[in-house]
1. What lysines does residue 260 reach when the alpha-carbon gap must be under 23 Å and sequence neighbours fewer than 8 apart in one chain are set aside?
2. Could you give me the percent of Cα pairs per 5 Å distance bin for segment 127-220, shortest bin first, beginning at zero and ending with the bin that holds the maximum distance?
3. Which of the residue pairs 307/390; 41/84; 216/299 have a Cα-Cα distance greater than 32 Å in the structure shown?
4. Let me have the 222 nm mean residue ellipticity of the chain computed from DSSP H runs of 4+ only, each contributing -39500 (n - 2.57), with the sum over all residues rounded to the nearest 500.
5. Please enumerate, by chain and number, the lysines with C-alpha under 16 Å from the C-alpha of residue 454, excluding those fewer than 8 residues away in the same chain.
6. Is there a pair in 385/416; 23/58; 23/202 whose C-alpha atoms are over 25 Å apart, and which pairs would that be?
7. Label the chain by shape, choosing from rounded, prolate and oblate, from the square roots a ≥ b ≥ c of the eigenvalues of the Cα gyration tensor; if a/c is under 1.5 it is rounded, and otherwise prolate applies when a/b is larger than b/c, oblate when it is not.
8. Taking residue 60 as the anchor, which aspartates and glutamates have their alpha carbon closer than 16 Å to its alpha carbon, excluding any fewer than eight residues away along the same chain?
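Every number in this text was worked out from the coordinates using simple rules, so none of it is lab data. Since the structure is predicted, the reported quantities are computational estimates derived from the model, not experimental observations.
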Amino acid sequence: MLRFKQFILEFYTLLENRIDFLKQNFEGKLNTEHDPYGVHKTTNDIVDHFSTNADPTKNKAHTQWILKQYQQGRIRQEDHPRIKETLSNFEQHKNKLANRDINSYKSLSEIENAVAPHIGSEEPISKRQETRQIKDEGSEVLHSSPNLTVRKLLTKEAACHYGKGTKWCTAARGDSNMFDHYNSQGPMYIIHHKDESGNERKFQYHPTSKQFMNEKDERENLTDFVRKYPEISTHPDLQHLKVYDPNATSEDITKALSHKDFAVKRAAIQHSNVTPEHITKALSDENPDFRGSAIQHPKATPEHITKALDDEFSEVRKAAIRHPSATPEHITKALSDEDHYVRKIAILHPNATPEHITKALSDVAPFVRAAAVQNPNATPEHITKALDDKRDEVRVAAIQHSKATPEHITKALDDKSDEVREAAILNQNATPEHITKALSDRDYAVREAAYRRKKLKMKMLEK
């Protein structure tokens, strides 16, 4: 009895050590961006969730594989019932498999495909039961053609019936079904499609969570699908999908700009058929991210840019001053912005004038001054001024400019900063005399850079 208790104690100690190791190994590596509805956000909680709810083995032998799948964005936290069922089948049938090493499987679907031939089929449902089930479950057909049927799901039972044969959590049986969770956020649609080869395909579309998934619960490109099958957007519920079609009309875009799904609105304002009126409307939207998307459109006018430069959110102002159509007047305005980064972006604009650069070289922010002297429109006089700047990064930026003269390089080679001297000798305008001087520099990095330049010059002369 004592030995058994000792064995149990050792087993749980090893198990705790394994879980602790996984928590340390994956710390900071489990990005949840692909899983916006995942409840657990910290590494420890995610590891505990999958080890407890998804790994069927007592010693948690598969938890590391599961975490790698999550790390690569191939599964979500809500998939734990499917993962547990698949890995249970793997454990039960792995002696029948040609490949028993779980680490060689790249996805959950690969394991499911491998064990599928060894799992007994479900008892067939009678036609009467199936008809009654469909009637009770409820769905609305939005579009029907020989090769494409679109249904709006109304109940969990319908989600199970029409999602039969897929890996969707909304088609799972029992308490693990997630249909009610998603449906409470917005309607869900199932698309039955026969492709060019005659293969029956199923897709699930949930606009609110921006998910368009195939039968294996893998993401598909919604834009490509709509462009290939534009008839999917014929029903009023799905007319917003027209904005993914290159031939979308101005009216289609106008309707989509009022859609509650941000992804649809963003697709609308990025459409090539957008008009200046659409941009004007979008710049009054309450969402700053949407306003930022609007001002990036190639058709944004100088008037739009002026308005966006008065936006309360700096991200919108940054997007505005990046626009190719930004004028010198816009740059002048942006150089007085309270946000340092707006000023930096402004002075890097191709339309920045020498007068703008002169002003920016007196900015309080060093990285704005460094950006100013990086502008291709900077003159030798600007470089001279920047080489007297008190900050090393500004002097480095100055001496890296293609317009730096031999006199500038000579001055920079006497700079107190090793980084400035190294940047000087790496300038393509450095002469053999500069190289000779730098070969005697007190800093190894400067001498090494000079030596590389000397070898390069010799090779060029040999040619």
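1. 152, 210, 242, 281
2. Per 5 Å bin, starting at zero, the Cα-Cα P(r) for segment 127-220 comes out as 3, 14, 24, 27, 20, 9, 3, 0 percent.
3. Working: 307/390 36 Å; 41/84 21 Å; 216/299 40 Å.
In this structure, 307/390; 216/299 lie more than 32 Å apart at Cα.
4. Values: 25 runs with 229 residues, N = 463.
Estimated from H runs of four or more residues: -14000 deg cm²/dmol.
5. Partners within reach: 437, 463.
6. Working: 385/416 17 Å; 23/58 18 Å; 23/202 37 Å.
Pairs exceeding the cut-off: 23/202.
7. Details: a/c = 2.84, a/b = 1.56, b/c = 1.83.
Since a/c reaches 1.5 but b/c is at least a/b, the shape of the chain is classed as oblate.
8. Qualifying aspartates and glutamates at Cα under 16 Å: 10, 16, 20, 45, 48, 85, 91, 101.
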